[in-house]
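Engineer: My questions will all concern the structure given below.
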Amino acid sequence: MNKKNVYRLFVLLICVIGTTTLYSENFFKMKEKIVDGVWKRISFLYLRPTLTLENLGYTSNIFYYDELEEPDWTADLGLDLQVSSILGNRFILKINENPYYSFFADNIEQRAFSNRLAASIYTYVGKFNLEYRFNEDYIKGRPTSEFGVYIRTRTRGHLFSIDFGKYTSLFFNGYIKLDRIELFEENYLGQYDLKRSLNREELHAGIRLNRIIFSRTRLFLNFEYYEYNFDYEILRDGIGRQISVGVEFPEIGKIKGSLEYGLKSFKAGNSTFRDYTKPFGSGKVTARLFRRFRVHLDYLINNFYSYWSTDQSYNEKTTGTLIEFYVTRNIKIGCRYRVGRLTYEYLTDGDKSRQDNFYTTALSLGLRVFKKMGIGIEYRVFRADSSVLDFIRSNDFIGGYLIHEF
């Protein structure tokens, strides 16, 4: 980060604190969650480990693209460990470490270790709750819906957030978030330099007004300023603003999750690319119905830069649903369907250049093993067509995984 960005980050932090994360966690609420969810306590440390197992089975095409079809047996095995400490009823330290290994039976060169790390500090000063969070993800996978072949990505982030007010009625949040995104692939699909086109820094700063309407259900109104600063493709630099409204449901209840929708504007740092205003939003909600049914809904509406070309971006609209039926207390069956569209356009004049349509369907069977833990078996089909033949994708998978919230 250069001196200019350091100074800008400092000024924005002072402004946020002076006026009042992403929603900083209430200190005492976080303390309660740590104590109640502990697996084992050793002196001042609270431990909560979880074994993770995903994608254990056979896939028809690990590379997704039809022109690169390659079947294999796969598995992602890892450990999700949360270590927390409560210091003098004034500070909470929390570390989440999630290392995992991606195994490929035949394509040995695709085997890889990945890791997600997040470290947070929570405290309070008077009526102010404060949080600082650092995260570093070093992942081999698909960063966005645009990708097929797995690639190596590193994301480092810092978050400062503060909130003030009554958690039972009205309160405010202020936050500053700085992310560094690096992609290490310089020859993706034999011709795309991802490092050059997508490596960047992102700065987000915002203020959020929250209102509790009943129980712990929260309505919010969010204002945010953001910046993009690319390492090489400086034509992609720019600033933007966005405003959104949303609702967040409590973790305990028949409905949980959150919904958000709004508008975002972007002003390019050069005269070649046009400015724009577009809708954006995201949501993920789970509802329990009639005791035996659980319904999951999610959606994403947003705009992203593409690796395809410097003057290309794409609008993504994706929605999905999963319906689970509990045959008995220990057996459930599920049906999932997800559909999406990527619409590419030129940044110079806004003309459409390409369109990708994709969908995923899946059937699953889950068996409870212990308390909330279980095992699942799934058959999944993914298909994506494109107006450009090189980007047609498909993948069939059958296999198992561990369930942690049965």
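The values are calculated or read from the model by the stated rules, or taken from the named source; none is laboratory data. Only a predicted model underlies this, so the values are computations on that prediction, with no experimental measurement involved. Reconstructed Cβ throughout: ideal geometry from the backbone, glycine too, with neighbour counts over all protein chains shown. Just the protein is used for accessible areas: all its heavy atoms, side chains included, with ligands, DNA and RNA removed. Shrake-Rupley method; radii C 1.70, N 1.55, O 1.52, S 1.80 Å.
Engineer: So which residues in the stretch 101-117 are in contact with an Asp or Glu (Cβ under 6 Å, 6 or more places away or on another chain), under 14 Å from G78 (Cα atoms) and open to solvent by less than 30 Å² (accessible area, probe 1.4 Å)?
Structural biologist: Passing the criteria: only S102.
Engineer: Still on this model: Which condition number in (1) part of a strand (DSSP E or B); (2) out of contact with any Ser or Thr (no Cβ under 7 Å at 6 or more places or on another chain); (3) over 30 Å from F406 (Cβ atoms) is the one that G262 fails?
Structural biologist: In the conditions (1) part of a strand (DSSP E or B); (2) out of contact with any Ser or Thr (no Cβ under 7 Å at 6 or more places or on another chain); (3) over 30 Å from F406 (Cβ atoms), G262 misses (2) alone.
Engineer: Okay, moving on. Among the residues of the stretch 290-333, write down those that are touching a Ser or Thr at 6+ places or on another chain (Cβ under 9 Å) and open to solvent by 70 Å² or more (accessible area, probe 1.4 Å).
Structural biologist: Within the stretch 290-333, L297, K317, I333 meet the criteria.
Engineer: Going residue by residue through the stretch 63-74, is there one that turns out to be assigned to a strand (DSSP E or B), more than 30 Å from N210 (Cα to Cα) and open to solvent by 30 Å² or more (accessible area, probe 1.4 Å)?
Structural biologist: Yes, the stretch 63-74 contains at least one residue that is assigned to a strand (DSSP E or B), more than 30 Å from N210 (Cα to Cα) and open to solvent by 30 Å² or more (accessible area, probe 1.4 Å).
Engineer: In the stretch 155-189, which residue that is assigned to a strand (DSSP E or B), of a type in the set (F, W, Y) and open to solvent by 40 Å² or more (accessible area, probe 1.4 Å) is modelled with the lowest pLDDT?
Structural biologist: F164
Engineer: Restricting attention to the stretch 276-316, report how many residues are within 30 Å of L389 (Cα to Cα) and not hydroxyl-bearing (S, T, Y).
Structural biologist: The qualifying residues number 15.
Engineer: Considering only residues that are among the hydroxyl-bearing types (S, T, Y) and surrounded by fewer than 16 Cβ atoms within 10 Å (Cβ to Cβ), which ones fall in the stretch 129-143?
Structural biologist: Passing the criteria: only Y132.
Engineer: May I ask you to list pairs of residues, at least six apart or on different chains, whose Cβ atoms are under 7 Å apart, with the first in the stretch 95-109 being under 15 Å from N61 (Cα atoms) and part of a strand (DSSP E or B) and the second being open to solvent by less than 30 Å² (accessible area, probe 1.4 Å) and among the charged types (D, E, K, R)?
Structural biologist: So the pair list comes out as F104/D72.
Engineer: Can you tell me which residue within the stretch 144-154, out of those that are assigned to a strand (DSSP E or B) and open to solvent by 30 Å² or more (accessible area, probe 1.4 Å), is nearest to I212 (Cα to Cα)?
Structural biologist: Applying the filter and picking the extreme gives R154.
Engineer: Right, next: Is it fair to say Y225 is modelled with pLDDT of 95 or more and either within 30 Å of T74 (Cα to Cα) or open to solvent by less than 60 Å² (accessible area, probe 1.4 Å) (or both)?
Structural biologist: yes
Engineer: Out of L22, L77, L56, report the one residue that is at pLDDT below 75 and open to solvent by 30 Å² or more (accessible area, probe 1.4 Å).
Structural biologist: Going through L22, L77, L56 in turn, the sole match is L22.
Engineer: Let me ask you something else. So which residues in the stretch 366-396 are under 21 Å from Y65 (Cβ atoms), out of contact with any helix residue (DSSP H, G or I) (no Cβ under 8 Å at 6 or more places or on another chain) and open to solvent by less than 30 Å² (accessible area, probe 1.4 Å)?
Structural biologist: V381, F382, S386, F391, N395
Engineer: In the set R241, R208, R218, which member is assigned to a strand (DSSP E or B) and in contact with a Pro (Cβ under 9 Å, 6 or more places away or on another chain)?
Structural biologist: After ruling out the rest, the residue left standing is R218.
Engineer: Every residue in the stretch 46-66 that is more than 22 Å from Y188 (Cβ to Cβ) and of a type in the set (D, E), please.
Structural biologist: E54
Engineer: Right, something else. Hey, any hits in the stretch 344-365 for a residue that's aliphatic (A, V, I, L, M), surrounded by 16 or more Cβ atoms within 10 Å (Cβ to Cβ), modelled with pLDDT under 95 and in contact with a Phe, Trp or Tyr (Cβ under 9 Å, 6 or more places away or on another chain)?
Structural biologist: Yes, the conditions are met somewhere in the stretch 344-365.
Engineer: Before we move on, is S120 open to solvent by less than 40 Å² (accessible area, probe 1.4 Å), farther than 30 Å from L170 by Cα and not aliphatic (A, V, I, L, M)?
Structural biologist: No, not satisfied.
Engineer: Taking the stretch 23-48 as the search range and keeping residues that are more than 25 Å from the chain's Cα centre (by Cα) and in a strand (DSSP E or B), which one is farthest from N357 (Cα to Cα)?
Structural biologist: If we take residues in the stretch 23-48 being more than 25 Å from the chain's Cα centre (by Cα) and in a strand (DSSP E or B), then I42 is farthest from N357 (Cα to Cα).
Engineer: Quick one: would you say R336 is modelled with pLDDT under 95, more than 30 Å from E186 (Cβ to Cβ), part of a strand (DSSP E or B) and open to solvent by 40 Å² or more (accessible area, probe 1.4 Å)?
Structural biologist: no
Engineer: Kindly indicate which of L117, L51, L93 is closer than 24 Å to G400 by Cβ and under 24 Å from the mean Cα position of the chain (by Cα).
Structural biologist: L51
Engineer: Checking G253 against (1) in contact with a helix residue (DSSP H, G or I) (Cβ under 6 Å, 6 or more places away or on another chain); (2) farther than 30 Å from L194 by Cβ, which test does it fail?
Structural biologist: (1)
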